[in-house]
Structures are given as structure tokens and as C-alpha cells.
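Notes follow once the structure below has been shown.
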Amino acid sequence: MTWHRADDARLVLAVSHGAGGGIEARDLQALARTLPGHGVTVALVEQPWRVAGKKVAPAPKTLDTGWRGLWPALTAPGLPVISGGRSAGARVACRTAAGLGVHAVLALSFPLHPPGRPEKSRAEELLASGVPALVVQGGNDPFGRPEEFPQGAYELIEVPCADHGFAVPKRADITQEQALEIITGGVARWVASLG
């Protein structure tokens, strides 16, 4: 875990990466730079399989077990914890939320379905978290565009033109920096609304 501490923290955001990358992901780094200024300590969590030097993520149950194992360290500061992740990490956060007693869930680039396979929906994982949730989704994410998401008890922020990694093409109406500002600004507003 890499901690980015807020001076007067009221919440902890524990956020992990997806199956294809690590905590160096642009959205995770932007949140780690921004949220401490909003009273949120950010813990960037490198999944155990990455720490072990493996190239491929294990099965979902193994990912969930690893996330649960980290929980005591995340709750040690005695603050409410938002469980979060990008892509596969978002699925883990949703699946484990109820059992861990999390304050809320942040799902970045939630993989609603495999690319080109909308019939293989993972919406139930998102809908079953049982806590306030925010989905931040790229407008061109092949794992699920914002309009594909079902109605549910969560908020959704769209990052226009962005793909699964929140990259925007040079011809887009927004810059890469503006895309990251949509993410960090939206998450900061949502976190403030949690109380």
C-alpha cells in the first residue's frame, strides 16, 4: 500500500488497479494527488499478485480474498473506508463491500461486460454492493459505455471520449488533462456528499 495522507482526514479511500496494470494508472495517480486536499487519505493498493511479480491476475475469488486480507490495515486509522478500484479492482470492491462494512464504493472503469459481449453482464456485482456507489466510466469504454449501465442505486459520471484507461484521442473535444479533472472533480464532489 502506498499512502497519500490528508492532514485532517475524515475518510480513507482504498483503491486498487485492474488486471492489466498497476497503481501507476493515470486515474489512480490523479486521485492520490487531489483527494488529500479534500480531507481524504488515499491508499493505493498494489494487488498481491503484482507484488509477487506475476503477469496475470488470479481468479476473482482469489482477488477478493487478497482484498479482505488487506482490510485491517485500511481500517487501522479508525476512519470510514471507501472501497474502490479500477476495472477488475472495481469488481472486487463491489463484491466485497457488504462483507467488509465499507462506507461506499468507487468503481472506476467498471467492466460491465467483456468487449463485444454485452450478454455477459456483470451488472449484478455493481448493483449488489449495498452501499452508496459512484461509477466513473469512459464514454468509449469497450467494457461498457455509460448508456449501457442499468438503472440502480449508484451515481455515474461519464468521461467523454475516454476509453477503458481514461485515455482520450487527440481529436477529442476534451484534453487528457480535462478528462482527469472530470474524474478528480467528480469524485471529490461525491466524497463530500457522503458526509
Would you grab the residues whose amide H sits under 5 Å from the one on Cys161? Only those 5+ places off in sequence or on another chain, please, with H modelled 1.01 Å from N. Gly139, Asn140
Local electrostatic count, Leu112, Cβ distance below 12 Å [Lys/Arg +1, Asp/Glu -1]: -1
Along the principal axes of its C-alpha atoms, what lengths does segment 65-159 span, in descending order and rounded to whole Å? 40, 23, 20
How high is the relative contact order of segment 68-142, given as a whole-number percent (alpha carbon pairs under 8 Å, six or more residues apart)? 29
Amide H neighbours of Leu13 under 5 Å, at least 5 residues apart or on other chains, H built in the peptide plane: list them. Thr41, Val42, Ala43, Ile82
Ordering Ile157, Ile183 by the accessible surface of their heavy atoms, 1.4 Å probe, largest first, yields Ile157, Ile183
Gain in length, Glu119 to Leu70, computed as 0.36 nm per residue apart minus the alpha-carbon separation, to one decimal in nm? 14.3 nm
To the nearest 20 debye, the chain has a Cα-centred charge dipole, built from +1 on Lys and Arg Cβ and -1 on Asp and Glu Cβ, of 580
Of Val191, His4, Gln151, farthest towards positive along the dipole that unit charges on Lys, Arg, Asp, Glu beta carbons give the chain: His4
Separation between Cα centres of segment 122-195 and segment 1-47, rounded to whole Å: 17
With a 10 Å cut-off between alpha carbons and a GNM built on the chain, which of Ala88, Ala76, Ala162 moves the most? Ala76
Among Ala30, Ala123, Ala73, the residue with the largest mean-square fluctuation in a Gaussian network model of the chain built from Cα contacts under 10 Å is Ala73
Please give the FRET efficiency for Ala192 paired with Arg171, using the beta carbon to beta carbon distance and R0 = 41 Å, rounded to the nearest 0.05. 0.75
The chain, Gaussian network, Cα under 10 Å: of Glu124, Glu46, Glu181, the residue fluctuating most is Glu124
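The values are calculated or read from the model by the stated rules, or taken from the named source; none is laboratory data. As the structure is a computational prediction, the values presented were derived from the model and not from experiment. Quick reminder, even Gly has a Cβ in these numbers, built from the backbone with ideal geometry, and neighbours come from all protein chains shown. For the accessible areas, the whole protein counts, side chains as well, though only heavy atoms, and no ligand, DNA or RNA atoms are used. Shrake-Rupley method; radii C 1.70, N 1.55, O 1.52, S 1.80 Å.
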